[in-house]
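The structure under discussion appears below in the form of structure tokens.
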Amino acid sequence: MNVIFTAVFLTAAVIFLIADPEGFLPALLTGGEKAATLSLSLLASYCVWLGFFKVLEQSGLAGKLARAISRPLSALFRSDDREALALASQNIAANFLGLPGAPTPLGVKATQKFLAAKNAYAADMLFVLNATSLQLLPTTVIALRAAEGSSSPADIFLPTLLATLLSSVLGAVLVRLTAGRA
């Protein structure tokens, strides 16, 4: 992947140098400045939400939430493995809250547990739910919009919720309908 990105960058740089040699360096510096500003804005957002999730974990609320939704998740994933279901529920909760990066290690661990128990259906369902990522708070997109100076960065709340709800429900239904046909 690094080779592809490097090739694309170098090709674009050569074309830019040929088309507008005087504009190349200012554009490169402006782009770097914007990238650094955006990275810092996203880092602040990530720190806040990851800290919030850590507080939920340490206070025991994450565990209580996981236990509260364990029965519906058990039916959704067709699994009784408490540890895998707890990891899956935390993964889904982190996605639901729009916490970037937090769901990935939880999802990998849950998938490993499901596959170790020979429950490919649960692993498939978790994969689809991660891909569709039902979002109550699209924090990354809101942070990106705020960093770019949007006058109302949270306007995407309802459209994002509806789109991700529809995609998650449709994905879960399709996994149910196609289970065991692979």
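The values are calculated or read from the model by the stated rules, or taken from the named source; none is laboratory data. Quick caveat: nothing in here was measured; it's all calculated off a predicted structure. Glycine also receives a Cβ, built like all others from the backbone with ideal geometry; neighbour counts cover every protein chain displayed.
Some points to look at:
- Odd one out for Asp80, checked against (1) touching a Ser or Thr at 6+ places or on another chain (Cβ under 8 Å); (2) part of a helix (DSSP H, G or I); (3) surrounded by fewer than 12 Cβ atoms within 10 Å (Cβ to Cβ): (2)
- Within the span defined as segment 68-77, every residue fails to be exposed (fewer than 15 other Cβ atoms within 10 Å of the Cβ), within 23 Å of the chain's Cα centre (by Cα) and of a type in the set (Lys, Arg).
For every residue, the table says whether it meets (1) in contact (Cβ under 8 Å) with a residue 40 or more places away in the chain; (2) closer than 30 Å to Glu33 by Cα; (3) in contact with a Phe, Trp or Tyr (Cβ under 8 Å, 6 or more places away or on another chain).
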| site | (1), (2), (3) |
| --- | --- |
| Leu106 | no, no, no |
| Gln112 | no, no, no |
| Lys118 | no, no, no |
| Ala123 | no, no, yes |
| Asn130 | no, no, no |
| Ala154 | no, yes, no |
| Leu162 | no, no, no |
| Leu174 | yes, no, no |
| Thr178 | no, no, no |
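- Residue in segment 24-31 that is of a type in the set (Phe, Trp, Tyr), modelled with pLDDT of 80 or more and farther than 28 Å from Ala102 by Cβ present: yes
- Leu136 being within 23 Å of Ile156 (Cβ to Cβ) and of a type outside the set (Asp, Glu): yes
- Residues of segment 71-102 that are of a type in the set (Asp, Glu) and within 21 Å of Arg176 (Cα to Cα): Asp80, Asp81.
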